[in-house]
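Working notes, beginning with the structure itself.
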Amino acid sequence: MVFSSKIAQAGILFSLCLIIGCSTNNPKIVTYIDPLGAGMALSDSELSRQKAKAKRGNPIAIRSVYEHYEFGKYDEMESTYWLQKLAESGDDVSQYNFGQQLIEQGKTESGAKWVQKALAQGFRP
């Protein structure tokens, strides 16, 4: 009974964070959740560290930076840049999403190539 009560409390706290926004004292994790619960962002210092790792080709860091700009502090140009880097690192979901984004922009030939790369790796929409 205590176990399920702790889970319920954690769920309530998480829900409140999504509704009103919250932060953590650990700068490496999440420092911002927007009031609508749409995403999270890295602290400035953690973003700098992750960008340095990402520029050296670390796929986990590339994903962190991409998610920062896509789901946290939204920046369309930065998000697209890092999505492309993630696709170039071989991530099939990102290849598909980047391809779809290019197709929506009217760049059907290059978009189709990215979608085909994703499908060749086994990705299924």
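Read-outs throughout are calculated quantities, based only on the coordinates presented, and are distinct from any laboratory measurement. Owing to the predicted nature of the structure, the values given are computational and were not obtained by experimental measurement. Note: ideal-geometry Cβ built from the backbone for every residue, glycine included; neighbour counts use all protein chains shown.
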For A41, which sequence-distant residues (separation of 5 or more, or a different chain) have an amide H within less than 5 Å of its own amide H, given hydrogens modelled in the peptide plane? T31, Y32
At a 10 Å Cβ-Cβ cut-off, how would you order S89, S94, S45, fewest neighbours first? S45, S89, S94
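Quick check on the exposure proxy: order I103, I60 from fewest to most C-beta atoms within 10 angstrom. Write down the numbers at each step before the final one.
Numbers: I103 16, I60 11.
Neighbour counts put them in this order, fewest first: I60, I103.
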When Y69, Y81 are ordered from fewest to most other Cβ atoms inside 10 Å of their Cβ, what list results? Y81, Y69
